Each structure stands twice: as structure tokens, then as C-alpha cells.
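A short write-up of the structure that comes next.
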């Protein structure tokens, strides 16, 4: 609500609380125009929000990036003091010291154009109708792009890629951006 009220836009990325989302949840979020995202590493910063325990979260991060994966989404929470003033700086400094460059936004990591990162806010009672989906030409899905009818496969995986195997059409498949199931 704060972003909508201040900036007049709504983020399009959504991580379900506790990463708990079934097929109906995916469909509802897709109808509302959200990209459902997950994470590769949970820093458990919410459980380590004291000067005495934040090192645990730093250790989780250090172990995750040694060696560094090609890409990854790290979960931390900007409402916790130790995350904001301690863990975030540690993560950025560690990446730089290992020569990994800089971190990027979720949209950049997913290859999503910046125009898709936010949408204009509607009224508080009407979220508006999402724009029609376009068929994927690059093998990705969500954010207004569907796998249905693409040459990559008709299913949109939990990781926002098109395909036709159980990895794409099974658990976590996003029915709002293609077919799901066998």
C-alpha cells in the first residue's frame, strides 16, 4: 500500500508468505498480474536479528556463494535492524571482494524489462484487468508473457521458464502463464 500511495505503482513481483502457494493461489496471483518468485537461499535473518546471532546468517550466505552459482535469489528481510545495518553490507562487500560484481534486482535477474517491474495502481477497490498475455519468444514466462503457444513448451515453471516436461508442468507450474499438468 505504501508504494501505491506514494508512487502510484504496485510491484509485480510476489513471494508467497512462507513460500506457500498452491495452484489456486498461482492462478489468483497471475490474474492480478503478479510474477511469483521464490528464493535460492534463506538467510534466516529474522531468527538471527541480534548482534550475537547475525553471524549465523552471514555464514549461510558465505557458504552459499562459495563457489558462486550462476545466479541466485537470496532472501533477507528489510524490516530487521541487523539485516539492514549489518547483513546487507556484509553480503555486498563479500560479493565485491570475491570479484562477483554487483547484485541486481529481481527483474534484471529474470531478464524482465524494467517496464514490467511495476504496474500503475488502480483504485483501492478495483485492481484493474491485467493486460493480455503475449507468447514467449525467449523461453521465459510471467510478467505478461505466456508459454501457451510458444515453441519452448506450453508450461510455465515455478522458475519462470517455458517447457513441456514434468519440471515445468508439475509442482509449482504457474497456470496463469501457460498449461499445467500432463
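The values are calculated or read from the model by the stated rules, or taken from the named source; none is laboratory data. Being a predicted model, the structure only gives us computed values, none of them experimental. No Cβ is skipped: glycine too gets one built from the backbone with ideal geometry, and neighbour counts run over all protein chains shown.
Some observations on this one:
- Residue tally, condition assigned to a helix (DSSP H, G or I) and more than 21 Å from residue 37 (Cβ to Cβ), over region 85-124: 8
- Checked against the criteria, residue 92 counts as surrounded by fewer than 15 Cβ atoms within 10 Å (Cβ to Cβ) and at pLDDT 85 or above.
- Qualifying positions in region 75-84 - over 13 Å from residue 43 (Cβ atoms) and not in a loop (DSSP other than H, G, I, E, B): 81
- Counted residues, region 30-57 - those being at pLDDT below 85, in a helix (DSSP H, G or I) and either in contact with a strand residue (DSSP E or B) (Cβ under 9 Å, 6 or more places away or on another chain) or assigned by TED's automatic domain parsing to the domain that holds residue 89 (or both): 1
- Some residue of region 113-123 being under 14 Å from the mean Cα position of the chain (by Cα), in contact (Cβ under 8 Å) with a residue 12 or more places away in the chain, at positive phi and assigned by TED's automatic domain parsing to the domain that holds residue 26: no
- Meets criteria (in contact (Cβ under 8 Å) with a residue 40 or more places away in the chain and exposed (fewer than 15 other Cβ atoms within 10 Å of the Cβ)) for residue 59: no
- Test: residue in region 62-74 that is outside any helix (DSSP H, G or I), modelled with pLDDT of 80 or more and out of contact with any helix residue (DSSP H, G or I) (no Cβ under 9 Å at 6 or more places or on another chain): yes
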